[in-house]
Amino acid sequence: MEIPARAKKKSSTREGQFRYALDMCAKTGDLAGALALYESAVAENLRLSAYHFNSLLHIISTSIGTFDEPSKKSSIDTSFAIFDRMAADGATPTEATITSMARIAAQRPDEGANLAFDLVKTMGERYGASPRLRTYSPVLSAFCRRLEADKAYAVECHMVSMGVVPEEPEIAALLEVSAKVGREDKVYGYLHKLRGSVGCVADSTAEILEGWFRSERAMEVERSNWDAGTVKDAILMNGGGWHGLGWLGEGVWDIRHATVNSEGDCSGCGQRLACVDIDRMETEKFAVSVATLALGRESKSNFRTFQEWLEKHSEYEAIIDGANVGLYQQNFADGGFSLSQLDAVVQELFERSQGRWPLIVLHKKRALALMENPSNRQILEKWRAEGALYTTPTGSNDDWYWLYAAVKLKCLLVTNDEMRDHIFELLGRSFFPKWKERHQPGSSRNSLRPVFLLTFLTGFFGVSCSCSASENFWNALLCNRSRIQDHGMCH
């Protein structure tokens, strides 16, 4: 293929002209043009870089799914020839290279998925590259399409061993293949993985779930001999949303499409759903990690004093980030810390919890400044007398204090802080976002409401699907076993 005149103007070197022309092919999805460029480069013995090879393979990988079988086979063969040429030219494959090759190899009708998985498994040893979620996705999808469930499970195991966490599309694929091959134990396991990582499932995932509960195998899987007290204890230990004891109950699943409003009122069962919390063990581990990080950055004696104080005052149902709530929307000319605004939130929480005071965490320096105003002093002294105020010592970061208190006491946290600062980055991106979702409603009046998530109780599976356009309610899928209602365990 001849290099366009525009490309020649952009660069005086042959390599620069080639790269510009190749980039234009990638931008427009011109696979034929890209391959013609490659052939001309090979004929001219032009030395290609890893960037050039990656661009070529990426163009093929994004186009190959739309080809007929003869064209697909030809493109696969061409891709492996380009990959071999890349190695021969001394250009080291990267994660992007292997991801493209895995997508291409997975299109082979015979051993393509196995070949793709081998590329992914050996990329670290051969090329020093680490796989990402996108690297595994085509391999997992290929095994799931072919209903090779055990191989799909092997992909997930390798994924986890490399520190890559499956997300909803991957979990949904594993759940679907498990349902299709009748592996009810795996279906149950992936339902809980979905519960642990996804708050509101996609419509496509909800369809997979509904397909399972309508299947004959789902009806056959049952356990009629179980103790209601044991199940209730397990549900409590796990945060109120699931028991983890397997497929309890018997009979046909009653499946309904329903809506749940912002207060948790369910149109399917006619009752108000409870907020699903995180299980106790996970929460305790998180509390320890928060304390460890805080002790490494705060004065150990100050923070330990707070920990000891909190052990003796563990009755709070809500923690308030006093500084954040007092400064909320005060960024105008005469704005400043608003104690009356903070007091309004305190009073609302007091009323909603039937006379139980929240804990307000406020920096000592700010509290001393507020005490200079007589009306402010009256409010602060009332809070202190009621045991509702804790002032953090000079030189401390009050963020650690209110966060630790909310986690340790497993209660509501009222703050408008999005918790995106560097100290919150230290807490990781796995458990912390889930904890925020369930415990941080914000401080505005309209946001003091629970979060309703995937709920798996005895004989009852409630799944939040897509939100409505107005975001005032959730669509939900309710799956219930009628024969289990005699035990009083169902919503």
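The values are calculated or read from the model by the stated rules, or taken from the named source; none is laboratory data. Because the structure is a prediction, the values reported are computed rather than measured. Ideal geometry is used to build each Cβ from the backbone, glycine not excepted, and the neighbour counts take in all protein chains shown. Please note that ligands, DNA and RNA were not included when accessible areas were found on the heavy atoms of the full protein model with its side chains. Shrake-Rupley method; radii C 1.70, N 1.55, O 1.52, S 1.80 Å.
A search for C-beta distances below 9 Å between a residue of region 342-354 that is in contact (Cβ under 8 Å) with a residue 24 or more places away in the chain and within 16 Å of LEU389 (Cα to Cα) and any residue that is part of a helix (DSSP H, G or I) and among the acidic types (Asp, Glu), counting only pairs 6+ apart in sequence or on different chains, returns nothing. Among the residues of region 154-194, those identified as over 20 Å from SER215 (Cβ atoms) and not in a loop (DSSP other than H, G, I, E, B) are ALA154, VAL155, GLU156, CYS157, HIS158, MET159, VAL160, SER161, GLU168, PRO169, GLU170. Does LEU57 satisfy the criteria of being closer than 19 Å to PRO138 by Cβ, open to solvent by less than 30 Å² (accessible area, probe 1.4 Å) and in a helix (DSSP H, G or I)? Here the answer is yes, as LEU57 does meet what is asked.
Does THR78 qualify as being open to solvent by 20 Å² or more (accessible area, probe 1.4 Å), assigned to a helix (DSSP H, G or I) and touching a Gly at 6+ places or on another chain (Cβ under 8 Å)? Here the answer is no, as THR78 does not meet what is asked. When you scan region 105-126, do you find a residue that is out of contact with any His (no Cβ under 9 Å at 6 or more places or on another chain), surrounded by 22 or more Cβ atoms within 10 Å (Cβ to Cβ), in a helix (DSSP H, G or I) and β-branched (Val, Ile, Thr), even just one? Taking every residue of region 105-126 in turn, none turns out to be out of contact with any His (no Cβ under 9 Å at 6 or more places or on another chain), surrounded by 22 or more Cβ atoms within 10 Å (Cβ to Cβ), in a helix (DSSP H, G or I) and β-branched (Val, Ile, Thr). Any residue at all in region 337-351 that is assigned to a helix (DSSP H, G or I) and closer than 30 Å to GLY196 by Cβ? Yes, the conditions are met somewhere in region 337-351.
Residues to consider are PHE286, PHE350, PHE332; find the one that is open to solvent by 40 Å² or more (accessible area, probe 1.4 Å) and modelled with pLDDT under 85. Matching residue, one of PHE286, PHE350, PHE332: PHE332. Of all the residues in region 64-81, those that are modelled with pLDDT of 90 or more and among the polar types (S, T, N, Q) number 4. Restricting attention to region 370-405, the residues that are of a type outside the set (Ser, Thr, Tyr) and open to solvent by 70 Å² or more (accessible area, probe 1.4 Å) add up to 10. The conditions are (1) over 13 Å from TRP212 (Cβ atoms); (2) in a helix (DSSP H, G or I), and LEU147 fails exactly one of them. Which is it? Result: LEU147 fails condition (2) only. Of all residues in region 383-399, those that are at pLDDT below 85 and of a type in the set (A, V, I, L, M, F, W, C) total 0.
Please tell me if SER204 is hydroxyl-bearing (Ser, Thr, Tyr), surrounded by fewer than 18 Cβ atoms within 10 Å (Cβ to Cβ) and either part of a helix (DSSP H, G or I) or at pLDDT 95 or above (or both). The answer is yes for SER204.
In region 227-259, which residues are modelled with pLDDT under 75 and in a strand (DSSP E or B)? Residues satisfying the conditions are TRP242, GLY249.
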